[in-house]
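Everything on this sheet refers to the single structure shown next.
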Amino acid sequence: MDRSLHTMSAYPLLETIDSPADVRKLDSRRLSQLATELRAFLVESVSRTGGHLSSNLGTVELTVALHHVYNTPEDRIVWDVGHQTYAHKILTGRREGMATLRQYKGVSGFPRRCESTYDTFGTAHSSTSISAALGMAIAARALGQKRHSIAVIGDGAMTAGMAFEALNNAGVEDADLLVILNDNDMSISPPVGALNKYLTRLLSGHTYNAARRAGAKVLEIAPSLREFAKRAEEHVKGMITPGTLFEEFGFHYYGPIDGHDLDALIPTLENLRELPGPKFLHVITKKGYGYKLAEADPILYHGVGKFDHHAGIQTSKGGGKPTYTQVFGDWLCDMAARCDKLMAITPAMREGSGMVRYAAEYPQRYFDVGIAEQHALTFAAGLACEGIKPVVAIYSTFLQRAYDQLIHDICLQNLPVMMALDRAGLVGADGATHHGAFDLSYLLCLPNLVVMTPSDENECRQMLYTAYMHKGPTAVRYPRGSGPGVVPQDTMTALPIGRGELRRAGQGDAALLAFGAMLTPALAVADEFDASVANMRFAKPLDEALVIQLAQKHRLIVTLEENALIGGAGAEVERVIHNAGLSCRVLRIGLPDRFVDHGDPALLYAEVGLDAAGVRAQLTAALQALPR
């Protein structure tokens, strides 16, 4: 056994757990010990690898209880969002693998079907669990299989319309489905306590439900009495539970219950396991539970790098290069000071999108709409219709979830909605589900949309200003992390739409046309090939005149983009050259036609050939293949 990461003697019970079958053998006292050791292991492990911490500390007891009560993996558990599954991974045979968490070729930070049979569904974008678990429940019924389907969804993920679409469908289908709301933020009354625990166990028990079914049969002969009894039951339950909404969807609601109390969780889950039909269990948990530092600041400890888990995260105010996210956040505040019509929208990513300062300084012009990307874009469109200048700060990978709204509500109406697309390109440890690998491909085909690709921090600031001043829909895509270190200027100047710039005029056979951050590796190799280098700046509208100028001068045109090659900017360059009837060769460098895994960004760039060495090798091979 590899003991390089952990001193397993500190976890004597956890060391014996190789699968959930081992968890199911434990009595209540040992389960409590297991939860204690599991939480301590999580803190130590994540402090050494980085990852999501607060959310995982909040689901320890729930994870233990679920694997104790249900026969996993035969019974299906779908976790939503998947960054709360570290305890699940540890209990399902990946304890030692946690030393490689989110590292190249290591354990993923999210559930992956190819990683374990216990990961029943890949979940890294939120609000999909109820739909997936419902599909599994209906499939089991159709196949005549007796198994349980459980969706574990957070209160944040419940803000998405998709979750309610699934609830609506599940109630109609009368599926054998359990939805567990892991509520770690909402203010719920009445408070969780002994009375609440008793009521939940009572409502989930056989006696109450048997009486409920018997009463329903009796009342079938008297419709008026049946309606009166139904209203009376809902009225009484409404006084002690907040579940009327879920009852209206056709679910039997139970809770709220203390999600850190195994003595409450386990018997309630055991009762619910025996009940047919759609059931909704409301569980109250606390982010960061059991680790005082994370409890005190769950946002700081949500996604962490490596840190000393004894001393905690030491925040430093250093003079390092600003990230593109910080450039956006500063620009947003500066622009808001100039223009009182600016309103900014985020789908639940205030910290990640760099909007903390803006939210504090302009609270009346800041809108966090929850995990509701579709609503975010149409809401912005409505604002734009009335003369407001909306800015939607959204990750590239999450804009995919609102594509229809982008097309029909914004682009079709040519509304001046500006989208700041963070995390464009490869994002590192979050992996395939979070790489912004497709935005150029799905944006360039949309009429009226201007798409900008800044190559450094200052250009990002100027492009944000350019996009804001434009009278139609715009998108500025920028990568995660820092750029080459160009200090953003305080002044803001609009760039000419659709105009690139020639950064190096070479006399060799090749011209490198770089989009966004790919300008850095292009410049790094240009001298040794005496290549021309163009910073294209705009993926749409493309600077066709610059493309043709370089294609007339050079025998090889090389496009570089941190986006899927299919349908990307390079394909547009090739189209322009073909339509102009030019005979030069085109080499397109970008992301391959596969999902790129998680890992250190430098390793990923090397793997796909987007670092300087990779560009050099591909350029060399292409030049050698040119006819002499």
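The values are calculated or read from the model by the stated rules, or taken from the named source; none is laboratory data. Note that the structure is predicted; figures quoted are calculated from it, not measured. All Cβ positions, even for glycine, are placed from backbone atoms using ideal geometry, and neighbour counts span all protein chains on display. Each accessible area value is taken on the protein alone, full model and side chains, heavy atoms only, with ligands, DNA and RNA left out. Shrake-Rupley method; radii C 1.70, N 1.55, O 1.52, S 1.80 Å.
Just to be sure I understand, if you calculate volume of the Cα convex hull per residue in Å³ for this structure, which of [x] 204; [y] 186; [z] 217 do you get?
[y]
Please work out the FRET efficiency for the pair Arg338 and Ile299, using the Cβ-Cβ distance as r and a Förster radius of 30 Å; give the result to the nearest 0.05. Before the final figure, lay out each step's value.
Values: r = 29 Å, r/R0 = 0.98.
FRET efficiency, Arg338 to Ile299: 0.55.
For the range 511-614, what Kirkwood radius comes out of the mean inverse Cα-Cα distance, in Å? Show your work: numbers first, answer last.
Details: mean 1/r = 0.0716 Å⁻¹.
Across the range 511-614, the inverse of the average 1/r is 14.0 Å.
Can you give the extra length, in nm with one decimal, that the chain gains between Leu412 and Asn448 once fully stretched, where that is 0.36 nm per residue apart less the Cα-Cα distance?
On the way: separation 36, 0.36 × 36 = 12.96 nm, distance 0.76 nm.
Working it through step by step, the gained length comes to 12.2 nm.
Quick one: accessible surface of Arg76, probe radius 1.4 Å, all protein chains present, in square angstrom to the nearest 10.
Surface accessible to solvent at Arg76 totals approximately 60 Å².
Rounded, prolate or oblate, given the Cα gyration tensor of the range 49-110, with a/c below 1.5 counting as rounded?
Details: a/c = 2.01, a/b = 1.53, b/c = 1.31.
Because a/c hits 1.5 or more and a/b exceeds b/c, the range 49-110 counts as prolate.
Skip the ligands, DNA and RNA, and give the accessible area per residue of the chain with a 1.4 Å probe, whole Å².
41
Nearest 10 degrees, 0 to 90: what angle lies between the long axis of helix 519-529 and the longest principal axis of the chain (Cα atoms)?
Long axis of 519-529 versus the principal axis of the chain: about 40 degrees.
Looking at the range 19-83, which GluC sites (Glu not before Pro) are in a loop (DSSP not H, G, I, E or B) and have at most 16 other Cβ atoms within 10 Å?
Working: sites: Glu37, Glu44, Glu61, Glu74; in loops: Glu74.
Counting only loop positions with at most 16 other Cβ atoms within 10 Å, the GluC sites (Glu not before Pro) in the range 19-83 are Glu74.
Would you list Asp430, Asp27 from the most to the least accessible area, probe 1.4 Å? Provide the component values of the computation, followed by the final result.
Values: Asp430 25, Asp27 85 Å².
The most accessible residue leads, giving Asp27, Asp430.
In deg cm²/dmol and to the nearest 500, what is the mean residue ellipticity at 222 nm of the chain if only DSSP H runs of at least 4 residues count, each as -39500 (n - 2.57), divided by the residue total?
On the way: 24 runs with 245 residues, N = 628.
Value at 222 nm, helices only, nearest 500: -11500 deg cm²/dmol.
At 0.36 nm per residue, and after removing the present C-alpha to C-alpha distance, how many nm does the segment from Arg113 to Asn71 gain when stretched out fully? Present the calculation step by step, with values, prior to reporting the outcome.
Values: separation 42, 0.36 × 42 = 15.12 nm, distance 1.77 nm.
Value of the extension gain: 13.3 nm.
Please compute the modelled spin-label separation between Arg30 and Gln145, points set 7 Å along Cα→Cβ, answer in nm with one decimal.
Computed distance between label sites Gln145 and Arg30 equals 2.9 nm.
Using a 1.4 Å probe on the protein chains only, how many percent of the accessible area of the chain belongs to carbon and sulfur?
Numbers: 13920 of 25750 Å².
Carbon plus sulfur share of accessible area: 54 percent.
If you place +1 on the Cβ of every Lys and Arg, -1 on the Cβ of every Asp and Glu, and leave all else neutral, what size is the dipole of the chain about its Cα centre, to the nearest 20 Debye? Intermediate values should be presented prior to the final figure.
Working: 60 positive and 68 negative charges, 64 e Å.
The dipole magnitude comes to about 300 debye.
Ranked by accessible surface with a 1.4 Å probe, highest first, in what order do Tyr301, Tyr118 come? Spell out each step's value before the answer.
Details: Tyr301 10, Tyr118 45 Å².
Most to least solvent-accessible, the answer reads Tyr118, Tyr301.
Might you work out the accessible area of Thr159 for me, using a 1.4 Å probe with all protein chains in place, and round it to the nearest 10 Å²?
70
Quick one: Kirkwood hydrodynamic radius for the range 488-560, alpha-carbon pairs, angstrom, one decimal?
Values: mean 1/r = 0.0797 Å⁻¹.
Hydrodynamic radius (Kirkwood, Cα pairs) of the range 488-560 is 12.5 Å.
Specify the angular offset, from 0 to 90 degrees and rounded to the nearest 10, of the alpha carbon long axis of helix 373-385 from the longest principal axis of the alpha carbons in the chain.
Taking Cα atoms only, the helix is inclined about 60 degrees.
How far is helix 569-579 tilted, in degrees, relative to the longest principal axis of the Cα atoms in the chain, given as a value from 0 to 90 rounded to the nearest 10?
40
What does the accessible area of Cys445 come to, in Å² to the nearest 10, when a probe of 1.4 Å is used?
Rounded to the nearest 10, that gives 80 Å².
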